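The values are calculated or read from the model by the stated rules, or taken from the named source; none is laboratory data. Just so it is clear, the structure is predicted and the values come from calculations on it, not from any experiment. FYI the Cβ positions are ideal-geometry reconstructions off the backbone, even for glycines, and counts take in every protein chain you see. Accessible surface areas use protein heavy atoms only, side chains included; no ligands, DNA or RNA. Shrake-Rupley method; radii C 1.70, N 1.55, O 1.52, S 1.80 Å.
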Amino acid sequence: MSEMRRLIVVLSVLAVSGCSLFGPDEVSGSDVAKEIGKFFRTAAGADAKSLKCAAVKAESGAKTTCTAIDRNDEKWLMTAVVKTVDGGRLTYDTTFDDKLADNGQTQKSIALALKNKTGRDVQAVECTGIQKLAINATRTCTAIESNGARWEVEHYLTNLDGASSVTLKDTLLYAKSVESIVSGLARNLSQHYGLASNQNLSSFLASSASCANMLRGNPGDSIQCKAILADKSSTDVTVRTTKLEDSKIYFELFPNNAPDLSMSGWQIADPS
């Protein structure tokens with residue numbers, strides 16, 4: 001068989017089998033979804049529960065649509081435009097059909113809101129999911145304190161300029177509130193050890209406290225604080241929630257080295 005005849009036979013076999021020397025004319029929806037899934041994961045911080053895309057022509061400028069269902073069962077529509085074609089491999093410019101809130105701005109808003117609430121900086125804010133740029137659109141994020149404590153936060157958009165309201169999901173006492181409680185124990189300890197008295201007001205008020213993080217209102221939750229006594233010595237203190245009732249957090253606290261010198265009480269939870 002001549003070389004020319006052999007070439008004609010090969011081309012005929014390719015044509016019959018539906019293949020092309022120059023790549024496919026169309027890419028299946030499942031193959032499109034593999035690429036768009038990466039885009040969704042980057043935007044949402046997690047994979048979609050399901051993702052379906054229509055097939056697309058393998059040519060620059062061709063468009064297709066995709067529908068993703070996230071972990072909260074919310075539907076998200078996306079449009080993908082073919083950017084480049086390299087054989088059977090396509091790249092896409094992909095956008096959500098809805099306008100989205102800026103993730104970086106959301107994180108900054110949460111960090112600032114918590115600092116305003118608690119008087120303390122947060123180490124980081126992690127957000128998963130997608131938030132529409134729409135009034136009352138919500139997103140759940142996690143704020144992480146410098147000591148590693150994690151707090152779930154609801155972020156609500158209150159206008160389309162990015163203003164928001166931030167609410168902690170837990171019922172709690174701010175660290176400053178707990179410090180005032182531990183300061184009372186520090187004064188009692190100072191009196192107990194003969195370091196201060198009610199008659200010597202300055203020495204009595206010299207006692208103070210330091211707490212690293214907030215106290216949740218869940219019974220059994222606890223945090224560590226330092227009670228600073230009148231002579232400036234300090235002792236580690238455990239503060240533990242015993243009950244939550246009618247927005248009141250009941251607690252007990254005691255020096256770790258002297259549990260019998262304990263106190264108890266309650267305080268109305270701080271605004272979350």
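Residue by residue through the range 100-125, note down the ones that are over 14 Å from HIS155 (Cβ atoms) and not β-branched (Val, Ile, Thr). Lay out the reasoning, then the answer.
Going residue by residue through the range 100-125, those that are over 14 Å from HIS155 (Cβ atoms) are 115-116, 118-121, 123-124.
LYS115, ASN116, GLY119, ARG120, ASP121, GLN123, ALA124, listed by residue number.
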- Message: For the range 223-272, give me every one of the strands (runs of 3 or more DSSP E) that falls completely inside it and has 1 or more residues that are open to solvent by less than 40 Å² (accessible area, probe 1.4 Å) and either of a type in the set (Gly, Ala, Ser) or modelled with pLDDT under 95 (or both).
- Response: 263-268
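From SER180, SER190, grab the single residue that is in a helix (DSSP H, G or I) and surrounded by 18 or more Cβ atoms within 10 Å (Cβ to Cβ). Walk me through how you get there before you give the answer.
Numbers: SER180 fails: surrounded by 18 or more Cβ atoms within 10 Å (Cβ to Cβ).
After ruling out the rest, the residue left standing is SER190.
Hey, can you tell me all the residues within the range 78-102 that are in a strand (DSSP E or B) and among the basic types (Lys, Arg)?
The initial filter retains those residues of the range 78-102 that are in a strand (DSSP E or B), namely 78-86, 89-96, 100.
Correct list: LYS83, ARG89.
Listed here are the residues, each with its yes/no results for (1) open to solvent by 20 Å² or more (accessible area, probe 1.4 Å); (2) touching a Leu at 6+ places or on another chain (Cβ under 6 Å); (3) part of a loop (DSSP other than H, G, I, E, B); (4) at pLDDT 90 or above.
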| position | (1), (2), (3), (4) |
| --- | --- |
| ALA134 | yes, no, yes, yes |
| THR142 | yes, no, no, yes |
| TRP151 | no, yes, no, yes |
| GLU154 | yes, no, no, yes |
| SER165 | yes, no, no, yes |
| LYS176 | yes, no, no, yes |
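Restrict the check to the range 69-81 and report whether at least one residue is under 20 Å from MET214 (Cα atoms) and open to solvent by 40 Å² or more (accessible area, probe 1.4 Å). Full working, then the answer.
Quick first cut of the range 69-81, residues under 20 Å from MET214 (Cα atoms) only: none.
For the range 69-81, residues under 20 Å from MET214 (Cα atoms) and open to solvent by 40 Å² or more (accessible area, probe 1.4 Å): absent.
Return yes when ARG89 is at pLDDT below 90 and within 23 Å of ASN218 (Cα to Cα) and no when it is not.
no
Select from the range 51-88 the residues that are touching a helix residue (DSSP H, G or I) at 6+ places or on another chain (Cβ under 9 Å) and without any contact (Cβ under 8 Å) to a residue 40 or more places away in the chain and list them in ascending order. Talk me through it step by step, then tell me what you get.
Our first condition is that a residue be touching a helix residue (DSSP H, G or I) at 6+ places or on another chain (Cβ under 9 Å); within the range 51-88, this holds for 51-56, 64, 66, 68, 70-71, 76, 78, 80, 88.
LEU51, LYS52, CYS53, ALA54, ALA55, VAL56, THR64, CYS66, ALA68, listed by residue number.
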- Item | For ARG120: the one exception among (1) within 30 Å of ASP221 (Cβ to Cβ); (2) in contact with an Asp or Glu (Cβ under 8 Å, 6 or more places away or on another chain); (3) part of a strand (DSSP E or B) | (3)
- How many residues does the range 56-108 contain that are touching a strand residue (DSSP E or B) at 6+ places or on another chain (Cβ under 8 Å) and either of a type in the set (Asp, Glu) or on the phi > 0 side of the Ramachandran plot (or both)? 6
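Would you mention how many residues in the range 116-127 are touching a Ser or Thr at 6+ places or on another chain (Cβ under 9 Å) and surrounded by fewer than 15 Cβ atoms within 10 Å (Cβ to Cβ)? Spell out the reasoning first.
Filtering the range 116-127 down to residues touching a Ser or Thr at 6+ places or on another chain (Cβ under 9 Å) leaves 117, 120-127.
After this cut, where a residue has to be surrounded by fewer than 15 Cβ atoms within 10 Å (Cβ to Cβ) as well, the list is 121, 123-124, 126.
So the count comes out to 4.
Would you confirm, using the coordinates I've provided, whether LEU195 is touching a residue at least 24 places away in the same chain (Cβ under 8 Å), within 30 Å of ALA43 (Cα to Cα) and either in contact with a Lys or Arg (Cβ under 6 Å, 6 or more places away or on another chain) or hydrophobic (A, V, I, L, M, F, W, C) (or both)? So that I can check it myself, show each step before the final result.
Details: touching a residue at least 24 places away in the same chain (Cβ under 8 Å): yes; within 30 Å of ALA43 (Cα to Cα): no; either in contact with a Lys or Arg (Cβ under 6 Å, 6 or more places away or on another chain) or hydrophobic (A, V, I, L, M, F, W, C) (or both): yes.
Here the answer is no, as LEU195 does not meet what is asked.
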- Message: Any residue in the range 204-233 that is on the phi > 0 side of the Ramachandran plot sitting within a Cβ distance under 9 Å of a residue that is in a loop (DSSP other than H, G, I, E, B) and open to solvent by less than 50 Å² (accessible area, probe 1.4 Å)? List the pairs, counting only those 6 or more apart or interchain.
- Response: LYS232/ALA206
